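Working notes, structure below.
The values are calculated or read from the model by the stated rules, or taken from the named source; none is laboratory data. Just so we're clear, the structure is a prediction, and the values are computed from it rather than from any experiment. Every residue, glycine as well, gets a Cβ built from its backbone with ideal geometry; the counts of neighbours run over all protein chains shown.
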Amino acid sequence: MPLQRPQQTQHASLQSAISLLTGRAIDLPMSRRMALQGMLGTAALTLAPLTLSQVDIPTGQARLIFNENPYGPSPKAIAEVAKIMPNTAYYPGEIEEDLIALFMQRHLLDREQVFLASGSNEGLQAAMMAFGRQGSVISPSLTYSDHLDYAEKLGVEVLRVPLRDDMAIDLEAMARAVDSSVSLVYLCNPNNPTGMAIDGDELRSFCKEVGQKVPILIDEAYNELTDNPDYTSMVDLLRDGANMLITRTFSKIFGMAGLRVGYGMGHPDIVRVVKDNVMAWPNGVGLYAAYHSYLDEEFIAFSREKILQGREMVNTTFRRHGIAPLPSQTNFVYADIGRDATAFKEQMASRNVLIRGAYEGYGTYSRVSMGRIEDLVLFDRAFEATYLAG
């Protein structure tokens with residue numbers, strides 16, 4: 001028989017749960033407590049213990065697997081979100097347009113060229129379905145693929161073009177693959193999991209040529225971390241009416257992966273079609289956090305500095321063991337460690353360090369995401385011990 005809390009303890013737990021939900025202290029008479037307990041059930045009684053356990057990282061564990069920015073969100077964003085929490089019973093309202101106005105101002109775009117999404121993935125999936133119904137989608141063979149896999153399950157044909165021998169995206173081969181059966185070309189720049197950025201001039205030439213035949217979708221999730229964000233990004237082409245869509249996210253440098261905010265920028269006709277296929281409504285709390293994070297230049301600079309510092313630490317670890325990492329311009333590093341990457345991942349996990357296992361076709365390549373600096377110290381120790389253990 002499961003243990004039961006005394007009635008007084010249940011009463012206190014219910015009050016705590018309701019206070020957490022409402023943001024106000026509350027003292028319930030026992031009769032009202034019984035009524036509310038019937039409506040809320042055990043969920044209310046267990047809410048308080050669960051609120052942190054679902055996102056907390058165990059003490060001593062280094063989570064270097066999801067390309068998150070563990071220093072986020074912006075402290076200013078957190079403070080502003082706390083102010084609006086009591087009003088989250090209502091739909092977001094003007095914050096949507098306020099946030100879009102920031103994007104328009106920063107990128108010199110018109111209103112009909114911008115839309116919001118629940119993380120960039122929502123925009124990517126919407127684009128896959130909108131254009132995938134009209135023909136096949138061309139993509140690099142090794143790239144970020146959650147939205148591609150989603151579309152394939154729903155009947156979209158995805159044609160994957162192998163990377164070059166140097167692990168770079170093969171733009172020439174992708175251009176040759178475009179014919180009348182193709183409805184969309186997808187690129188992730190910088191690419192995930194390789195971390196490599198496409199040269200800006202080469203990509204501009206590709207977009208100008210191929211864009212005359214078919215729309216191009218570019219995922220720029222890591223643009224803010226590149227050596228030269230303006231050169232690497234293709235946003236300037238949008239101002240000239242390019243046949244393109246670009247997605248961005250607040251999940252990376254802005255440290256808001258759990259709040260799910262992203263946006264897209266593109267030709268008005270493409271934006272209109274993609275918006276018609278977006279399913280999720282904007283997250284009001286996330287929109288407020290995104291607005292203030294976007295303006296917090298101090299936090300962005302701090303995050304970038306820490307990520308670049310961490311990236312060099314991981315590169316140093318690899319090189320010390322004779323491993324040549326790929327030239328990353330993201331918050332992760334990809335390298336051929338010369339052994340089964342999935343088995344190595346499991347061995348690292350036994351030392352409380354989580355990294356990514358093998359991607360299909362690249363069984364000996366390992367991807368390590370940036371954590372806090374102290375996490376990467378743990379990574380260095382665990383990697384050396386695991387690698388030398390054979």
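A few points about this structure:
- Among residues of the stretch 249-277, those that are closer than 21 Å to VAL214 by Cα and outside any strand (DSSP E or B), counted: 11
- The number of residues in the stretch 349-363 that are aliphatic (A, V, I, L, M), touching a residue at least 40 places away in the same chain (Cβ under 8 Å) and part of a loop (DSSP other than H, G, I, E, B) comes to 1.
- Residue pairs meeting the criteria (Cβ under 6 Å; at least 6 apart or on separate chains; first under 15 Å from PRO325 (Cα atoms), in the stretch 364-390; second of a type in the set (S, T, N, Q) and buried (at least 16 other Cβ atoms within 10 Å of the Cβ)): SER369/ASN67; MET370/ASN331; ASP380/THR317; PHE383/THR317
- Subset tally (residues that are in contact (Cβ under 8 Å) with a residue 40 or more places away in the chain and not hydrophobic (A, V, I, L, M, F, W, C)) for the stretch 329-348: 5
Residues checked against (1) at pLDDT below 95; (2) buried (at least 17 other Cβ atoms within 10 Å of the Cβ); (3) part of a helix (DSSP H, G or I):
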{"position": "SER293", "(1), (2), (3)": "no, yes, yes"}
{"position": "GLU298", "(1), (2), (3)": "no, no, yes"}
{"position": "ALA301", "(1), (2), (3)": "no, no, yes"}
{"position": "ARG339", "(1), (2), (3)": "no, no, no"}
{"position": "LEU378", "(1), (2), (3)": "no, yes, yes"}
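- Residues satisfying the stated conditions in the stretch 139-158, i.e. crowded, with 16+ Cβ neighbours inside 10 Å, free of Cβ contacts under 8 Å to residues at least 60 places away in the same chain and touching a strand residue (DSSP E or B) at 6+ places or on another chain (Cβ under 8 Å): SER139, PRO140, THR143, SER145, LEU148, ALA151, VAL156, VAL158
- Unique match (being loosely packed, with under 13 Cβ neighbours inside 10 Å and in a loop (DSSP other than H, G, I, E, B)) among PRO92, PRO73, PRO58: PRO58
- Among the criteria (1) surrounded by fewer than 24 Cβ atoms within 10 Å (Cβ to Cβ); (2) among the small types (Gly, Ala, Ser); (3) within 14 Å of the chain's Cα centre (by Cα), the one GLY241 does not fulfil is (3).
- Taking helices (runs of 4 or more DSSP H) as the structural unit, those lying wholly within the stretch 120-233 and holding at least 3 residues that are touching a helix residue (DSSP H, G or I) at 6+ places or on another chain (Cβ under 7 Å) correspond to 146-153, 200-210, 229-232.
- If you go through the stretch 355-373 and keep only what is among the charged types (D, E, K, R), closer than 23 Å to LEU225 by Cβ and surrounded by fewer than 20 Cβ atoms within 10 Å (Cβ to Cβ), you end up with just ARG372.
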